[in-house]
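FYI, it's all coordinate maths here, none of it is from the lab. Note that the structure is a prediction, hence the values are computed from the model and not measured. Virtual Cβ from ideal backbone geometry, glycine too; neighbours counted across all protein chains shown.
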Amino acid sequence: MEISTTAAQRLAWYKALYGPGVLAPRGWHCFSTYGSDGSNLFVSPDPIDTKALFSPDWKGFSGQAIQISVSSGGTSGRFEVAKVIARVFPAYKEFAQNVIAEGIEPASDFPFGPYASDKLTYRAKNIVEFETPANTKGMGTDSRLQADASPIDGVAIITGQDTDLIQLSARVPAKDRDLILFIVQQVESDAAAGAQ
């Protein structure tokens, strides 16, 4: 993947100790979580209040933020994987149906079909780029990012023998919207390299 010099100077690489890395605007802050269900990396222009992040009262990031998550399809992460498959990956519908059939979570937690307002662009049967419009619930808010006055862009990728999910949700300042292309392409490139 080629990144122009001017864009590269505005980006930095943020990496979780256990989990994925992601490009984001230079000078931001990051924090990662890791568990049996998978891993998350959060990147924000503001320092991340870890006490708030783990609080049951915290609703999520209301401003600019980037989240990249890996949900493990072979563990308790399968519930998140199944929810995203139900929304946007019809080729993997059987996986979602099998998770629903377990009866651990109600079938109503796994609505089939995309969010009405999301703009979806399929790159392959297992890769979909999305844009969730401002002030709207969608793939972008199926993360720790709350809906607000700016859109959320991202990509969801099904990968691996266990049907894992990689999902990026990114909301950046308007002046940095041109960086979204590079951020998304890097996630797709890393996923393809990891699958080989």
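Dividing the summed -39500 (n - 2.57) terms of all DSSP H runs of n ≥ 4 by the residue count of the chain sets its mean residue ellipticity at 222 nm at -6500 deg cm²/dmol. Straight-line cross-link partners of K119 among the lysines, defined as a Cα under 29 Å from its Cα and at least 8 positions apart when in the same chain: K15, K59, K83, K93, K137, K175. Place +1 on the Cβ of every Lys and Arg and -1 on the Cβ of every Asp and Glu in the chain, take the dipole about the Cα centre, and give the residue among T6, A156, Q64 whose Cα lies farthest towards its positive end. It is T6.
Modelled this way, with points 7 Å down the Cα-to-C-beta line, the labels at W13 and T75 are 2.4 nm from one another. As a ratio to 2.2 N^0.38 Å, the alpha-carbon radius of gyration computed for the chain takes the value 0.98. In terms of surrounding Cβ atoms within a 10 Å radius of their Cβ, I68, I166 rank from fewest to most as I166, I68. A cut-off under 13 angstrom between Cβ atoms defines the neighbours of K83, and their net charge, with Lys, Arg +1 and Asp, Glu -1, is -2.
Each residue in L181, L168 was given a count of other beta-carbon atoms within 10 angstrom of its own, and listing them fewest first yields L181, L168. With R₀ set to 25 Å, the beta-carbon distance separating S117 from A174 gives a calculated FRET efficiency near 0.80. With contacts taken as Cα pairs under 8 Å at a separation of at least 6 residues, segment 26-195 carries a relative contact order of 20 percent.
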